[in-house]
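*Asks:* Mind looking over this structure? Questions follow.
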Amino acid sequence: MDINLLTTSEADRLREIINTSDKIILCCHRSPDGDALGSMLGLSDYLKKIGKMPVCIIPDAYPDFLQWLPGTERIIRYDKYRNLANEQLAGADLLFCLDFNTVSRTADMAEAIVTSPAKKVMIDHHLDPDMDTVMCISHPGACSTSELVFRLIWQLDGLEAMTKKSAACLYCGMMTDTGGFTYNSTSPEIYFIISQLLTKQINKDKIYRNVYNNYRESRMRLLGHVLYNKLVVISQRRAAYFTLTRDDLKKFQYIKGDAEGFVNIPLQIKNMRLSISLREDTGKDNLIWISLRSVDDFPCNKMAEMYFNGGGHLNAAGGRLECSIEEAEDIVRKAIMEFNP
């Protein structure tokens, strides 16, 4: 099966860029998820195997249930070690930008990335890439950035050198960005890639448990609170939404990642096609984070663009509103009632 991403000349160019670079940095978007971390750590491990010494820098914290990923202990967090991260970025000669299509998605890291003298290579699967790069490897049709990283390693003849650690990271990234391969994962190439990752002796069942069966008790109780007390169903529009206020988060000892996956659950209701979550930022007043999930051909990325200053994929998108939670709820209800895909 042909899973190559690049032309022969493009592959040769990428190989030359890597081979002629000594100081390689890998970075991803703010609030890193499984795909952001998986693609970054998977590529980092490959680069180490071919003799490089890459450094991974992320904007801020990632969910507790991803701590097990091999290599997380070497990640530099920009929000905690800004001076060190700035020094690394300023001295880099190659910067891989993974799982983001525009530098603004790296939050406070953005200026340091823009001003870094490093050659920049984007590897991403979001729509409308907008960065100054020497190579833009953008494929919105891919299930995940981790899929793209695997394909690149494959095309660079790196499968034999791929370690079990790298394979676990890439599998985790693919799994989490497809909800356990329940959406955006109908391409036969995806399952060929999984078969190749399994040759590295990864335990896919344990990876699933590490991510989806590894929550704190307070997270489960928060979920119960959301479903019983906060869920609003608008049956005539086949849509649902819920809010998470600071008081809710405080009551259930919220930590980053605790609400991961909540927005998918209302889609289990019969005939539901859209689910939206609204979460108050824990640090900044009047900042509401919006997550949207949908099924079939409902374009929640278009809804995110029109109403929530955001975007994303057809069935998974996000945005933000700068207002009170009550005002945000009014906007969500308006979007649900007015939007006609």
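The values are calculated or read from the model by the stated rules, or taken from the named source; none is laboratory data. Computed from a predicted model, the values in this text were never measured in an experiment. Every residue, glycine as well, gets a Cβ built from its backbone with ideal geometry; the counts of neighbours run over all protein chains shown. With ligands, DNA and RNA removed, areas are computed over all heavy atoms of the protein, side chains included. Shrake-Rupley method; radii C 1.70, N 1.55, O 1.52, S 1.80 Å.
*Asks:* Tally up the carbon and sulfur contribution to the accessible surface of the chain as a whole percent, 1.4 Å probe, everything protein left in place. Write out the running numbers ahead of the final one.
*Replies:* On the way: 7270 of 15650 Å².
With neighbouring chains kept in place, the figure for the chain is 46 percent.
*Asks:* Okay, helix-only estimate at 222 nm for the chain: each DSSP H run of n ≥ 4 adds -39500 (n - 2.57), divide by all residues, round to 500 deg cm²/dmol; what do you get? Please report the intermediate quantities before stating the final value.
*Replies:* Numbers: 12 runs with 125 residues, N = 341.
Counting only the DSSP helices, I get -11000 deg cm²/dmol.
*Asks:* Sort region 37-134 into rounded, prolate or oblate with this rule: let a ≥ b ≥ c be the square roots of the eigenvalues of the Cα gyration tensor; rounded if a/c is under 1.5, and if a/c is not under 1.5, prolate when a/b is larger than b/c, oblate otherwise. Write out the running numbers ahead of the final one.
*Replies:* Values: a/c = 1.22, a/b = 1.21, b/c = 1.01.
Rounded.
*Asks:* Something else about it: Taking the alpha-carbon distance from Lys49 and a cut-off under 16 Å, which aspartates and glutamates remain once sequence neighbours fewer than 8 residues away in the same chain are dropped?
*Replies:* Here the aspartates and glutamates satisfying the reach criterion relative to Lys49 are Asp22, Asp157, Glu160.
*Asks:* Can you list the HN-Hα couplings for region 134-142, worked out from phi with the Karplus curve (6.51, -1.76, 1.60; θ = phi - 60°), rounded to whole Hz and with x for Gly and Pro?
*Replies:* Listing the rounded values in order: 8, 8, 10, 9, 10, 9, x, x, 6 Hz.
*Asks:* How many angstrom separate the Cα center of region 48-94 from the Cα center of region 147-174?
*Replies:* Cα centroid of region 48-94 versus Cα centroid of region 147-174: 19 Å apart.
*Asks:* With charges set only on the Cβ (+1 for Lys and Arg, -1 for Asp and Glu), what does the dipole of the chain come to about its Cα centre, in debye to the nearest 20? Each step should come with its number before you reach the end.
*Replies:* Numbers: 40 positive and 44 negative charges, 206 e Å.
Roughly 980 debye, rounded to the nearest 20.
*Asks:* Sticking with this one: So what is the accessible area of the chain per residue, in Å², with the probe set to 1.4 Å?
*Replies:* Numbers: 15650 Å² over 341 residues.
That works out to 46 Å² per residue.
*Asks:* Now, a different point. Starting with the highest mean, order 159-167, 53-61, 178-186 by the number of other Cβ atoms within 10 Å, averaged over the residues of each peptide. Don't skip to the answer; put the middle values down first.
*Replies:* Numbers: 159-167: 18.0, 53-61: 20.1, 178-186: 15.3.
Those peptides, ordered most packed to least, come out 53-61, 159-167, 178-186.
*Asks:* I'd like to compare 20-30, 126-136: which one has the highest average count of other Cβ atoms within 10 Å, and what's the full order after that?
*Replies:* On the way: 20-30: 21.5, 126-136: 14.7.
The most tightly packed comes first, giving 20-30, 126-136.
*Asks:* Could you tell me whether region 117-196 comes out rounded, prolate or oblate from its Cα gyration tensor? Rule is a ≥ b ≥ c as square roots of the eigenvalues, rounded for a/c under 1.5, then prolate if a/b exceeds b/c, otherwise oblate. Intermediate results must be reported in sequence, preceding the final value.
*Replies:* Numbers: a/c = 2.09, a/b = 1.26, b/c = 1.66.
Taking the square roots of the gyration eigenvalues as a ≥ b ≥ c, region 117-196 is oblate.
*Asks:* Can you tell me the orientation of helix 188-198 relative to the chain, as the angle in degrees between its alpha-carbon axis and the longest Cα principal axis, to the nearest 10?
*Replies:* Orientation of helix 188-198: about 70 degrees from the principal axis.
*Asks:* Something else about it: When we measure straight from the Cα of Lys302, which aspartates and glutamates land under 14 angstrom away, once same-chain ones fewer than 8 places off are left out?
*Replies:* Asp128, Glu338
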